[in-house]
Amino acid sequence: MSSTTVTTPRGGPGLEQRRRLVTEVPGPRSRELMERKRGAVAAGVGVSLPVFTEAAGGGVLVDVDGNTLIDLGSGIAVTGVGNSAPGVVEAVVEQVQRFTHSCFMITAYDGYVEVCEALNRLTPGDHDKRSALFNTGAEAVENAVKIARSYTRKSAVVAFDHAYHGRTNLTMALTAKSMPYKSGFGPFAPEIYRAPLSYPYRDAGLDGPQAAARAISQIEKQVGAANLAAVVIEPIQGEGGFIVPAPGFLPAIVAWCRENDVVFIADEVQTGFARTGRMFASEHEGIVPDLVVTAKGIAGGLPLSAVTGRAAIMDAPHVGGLGGTYGGNPIACAAALAAIESFEHDGLLERATAIGDLLLGRLHDLQQGDPRIGDVRGRGAMIAIELVDPLTGEPDAALTGRVAAACHAEGVIVLTCGTFGNVIRFLPPLAIDDALLHDGLDVVAAALGSA
Ligand code: PLZ
């Protein structure tokens, strides 16, 4: 190897766990690649941080210019076990060498069954369960709706304000926010209705049971339980702004569903797999959903999703009614089994809780001296700040954009979200260390100071 050769860093936890900028961000190579992207990739596919990835692991991401950035996003809550986690890499390599695909609907393989067994064991409730595997979160949400309709023989579905469930036609209909997810892409699937959420920061004193009563009354008046197949809700809303409903809201909705033969579907795509300090966010409120939808964190970065739930509901569709060419792909299943092993045995639930304590402590301190931080909220490694105009309480999306941009320029990957675009969310890999979290938060504090 000549001394001029640039060695490609290997991803995984072996990468140096320290923020280090050697060029401006984005650097020249990233800028050049962004230019190529413009000429090759459809404009609709946006990139929040115009940086190209070379390697990632632990709590950092190395870009093609050699900058080491702190990852506070996990590729939108996916790499909980860490990027290129060694167990995942090993399992994937082993599986790739055996076979890459057979299509589970044609000839089966044990990895698929094992993932279903793990999901049946890990999701809330000890009733008899079944699972089915798919590729993306949106696809799994769609299948949960299909299953609920097949079981109840009803068609209406209720989703909530600020909901995000995906970008396919049915899940666009379930998703609340028009721009950028839905605008211009209609007409949307019929028989979808929206109910008001519990949003403590903006709800003016409505407690959980009161917010649930408001939602239930609207559902009864505008839809009617006799027509309603399912209620689908994120236990903590993700894209909508990391909204934690007031205590008692979710249990009251579940109870109403039980009494009215309505399937309660928890979309745990973003909240699942240790993210919130419990394996599933539903556990914080002690609710037992009829169906749980999972994706993202399940497979350490490989595309896999699932619907898990009561056997009687899951078994309602006729044989051959559920499936897809790639659903439960063997490589993704191998990755999931390794990731689940890590979630269960590497102390990641405790780690998520500790990350949450650190983030909440630092962000509450910041809030003391900064009235633009209207709210600090979330659970475990899923924490956010909502930025507002201190005089009016109005959402401040412009400030949020400036803070995120300043963080990016200093090598800290933060994501924004929220119906009003005024929420900065923190979703670090659970493999991140405290020093990186503190450094990242120092950068956030400085960005707020100068914005
Ligand atoms: N349900 C709760 O968070 C995906 C979307 C990013 P897919 N969230 C990130 C974007 O802008 O496209 C998500 C979610 C919840 C469903 C989904 C959909 O999961 O794997 O992106 O289809």
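Structural remarks
- Hits in the range 266-296 (condition: under 23 Å from HIS345 (Cβ atoms) and away from the ligand (no atom under 11 Å from the Cβ)): PHE273, ALA274, THR276, GLY277, ARG278, MET279, PHE280, SER282, GLU283, HIS284, VAL292
Condition check ((1) within 16 Å of the ligand (Cβ to nearest atom); (2) buried (at least 21 other Cβ atoms within 10 Å of the Cβ); (3) modelled with pLDDT under 95) across all residues:
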residue	(1), (2), (3)
GLY75	yes, no, no
ALA85	no, yes, no
VAL89	no, no, no
VAL93	no, no, no
CYS103	no, no, no
ALA108	no, no, no
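- Pairs, first at positive phi in the range 387-409, second part of a helix (DSSP H, G or I), C-beta under 9 Å, six or more apart: GLY393/ARG202
- Residue within the range 411-431 that is without any contact (Cβ under 8 Å) to a residue 60 or more places away in the chain and among the hydrophobic types (A, V, I, L, M, F, W, C) present: yes
- Qualifying residue in the range 28-44 (condition: among the β-branched types (Val, Ile, Thr) and either more than 30 Å from HIS165 (Cα to Cα) or in contact (Cβ under 8 Å) with a residue 24 or more places away in the chain (or both)): no
- Odd one out for THR325, checked against (1) of a type in the set (S, T, N, Q); (2) more than 22 Å from ALA140 (Cα to Cα); (3) in the same structural domain as THR271 (by TED's automatic domain parsing): (2)
- In the range 299-317, the residue that is surrounded by the most Cβ atoms within 10 Å (Cβ to Cβ) out of those that are touching a Ser or Thr at 6+ places or on another chain (Cβ under 8 Å) and in a loop (DSSP other than H, G, I, E, B) is GLY300.
- The range 138-152, residues that are more than 9 Å from the ligand (Cβ to nearest atom) and either more than 22 Å from the chain's Cα centre (by Cα) or in contact (Cβ under 8 Å) with a residue 40 or more places away in the chain (or both): ASN143, ALA144, VAL145, LYS146, ILE147, ALA148, ARG149, SER150, TYR151, THR152
- Complete set of residues in the range 114-135 that are within 12 Å of the ligand (Cβ to nearest atom) and surrounded by fewer than 20 Cβ atoms within 10 Å (Cβ to Cβ): ASN135
- Of everything in the range 208-223 that is among the small types (Gly, Ala, Ser) and in contact with a helix residue (DSSP H, G or I) (Cβ under 9 Å, 6 or more places away or on another chain), the residue that is surrounded by the fewest Cβ atoms within 10 Å (Cβ to Cβ) is ALA213.
- If you go through the range 214-265 and keep only what is over 22 Å from the mean Cα position of the chain (by Cα) and either within 14 Å of the ligand (Cβ to nearest atom) or assigned to a loop (DSSP other than H, G, I, E, B) (or both), you end up with VAL223, GLY224, GLY248, ASN260, ASP261, VAL262.
- Residue check, VAL244 touching a residue at least 60 places away in the same chain (Cβ under 8 Å) and either touching an Asp or Glu at 6+ places or on another chain (Cβ under 6 Å) or farther than 20 Å from GLN218 by Cβ (or both): yes
- Subset of the range 136-153 (residues that are under 17 Å from VAL262 (Cβ atoms), crowded, with 20+ Cβ neighbours inside 10 Å and of a type outside the set (A, V, I, L, M, F, W, C)): TYR151
- Residue ID - nearest to PHE242 (Cα to Cα), chosen from residues in the range 176-205 that are surrounded by 17 or more Cβ atoms within 10 Å (Cβ to Cβ) and touching a residue at least 40 places away in the same chain (Cβ under 8 Å): TYR199
- Verdict on MET179 being of a type outside the set (D, E, K, R), assigned to a helix (DSSP H, G or I) and either within 16 Å of the ligand (Cβ to nearest atom) or not assigned by TED's automatic domain parsing to the domain that holds TRP256 (or both): no
The values are calculated or read from the model by the stated rules, or taken from the named source; none is laboratory data. All values reported here derive from a predicted model rather than from experimental measurement. Neighbour counts are summed over all protein chains in view; Cβ atoms, including those assigned to glycine, are modelled from backbone coordinates with ideal geometry.
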